[in-house]
Amino acid sequence: MIEQQEGQNSDQTLETRRRRVGITAFLVGLVVTLAFFAFFPGLPHIVDWGALLVSLAVGGLARWACQSWMTKTAEKKSEHK
């Protein structure tokens, strides 16, 4: 019974960490892409709807990549136990 509770706490901790890392990755991807469009020489220095949509897409891709990487890492660790 204690082992089940420890397993549930571990799963909950992992899920909380995945959520926080996903949010952070999304925000970093969004900000970096917006900064690229805003400050890169040669691009118009206007952040338009296209740049916003691309920034949202990059943020979503970064979130997905970080969460899938964390899931694979957690699965490998659980296999080694």
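The values are calculated or read from the model by the stated rules, or taken from the named source; none is laboratory data. Predicted model, so just to flag it, every value in this text is computed and none were measured. Heads up, the Cβs are rebuilt from the backbone with ideal geometry, glycines too, and the neighbour counts pull from every protein chain shown. Accessible surface areas use protein heavy atoms only, side chains included; no ligands, DNA or RNA. Shrake-Rupley method; radii C 1.70, N 1.55, O 1.52, S 1.80 Å.
Just for the range 32-81: of the residues that are modelled with pLDDT under 80 and of a type in the set (Lys, Arg), which one is nearest to the chain's Cα centre (by Cα)? Out of the qualifying residues, it is 77.
When residue 34 is tested against (1) of a type outside the set (Val, Ile, Thr); (2) assigned to a loop (DSSP other than H, G, I, E, B); (3) at negative phi, only condition (2) is not met. Residues in the range 48-81 that are closer than 20 Å to residue 22 by Cα, open to solvent by less than 60 Å² (accessible area, probe 1.4 Å) and without any contact (Cβ under 8 Å) to a residue 40 or more places away in the chain: 55, 58, 59, 60, 62, 68, 73.
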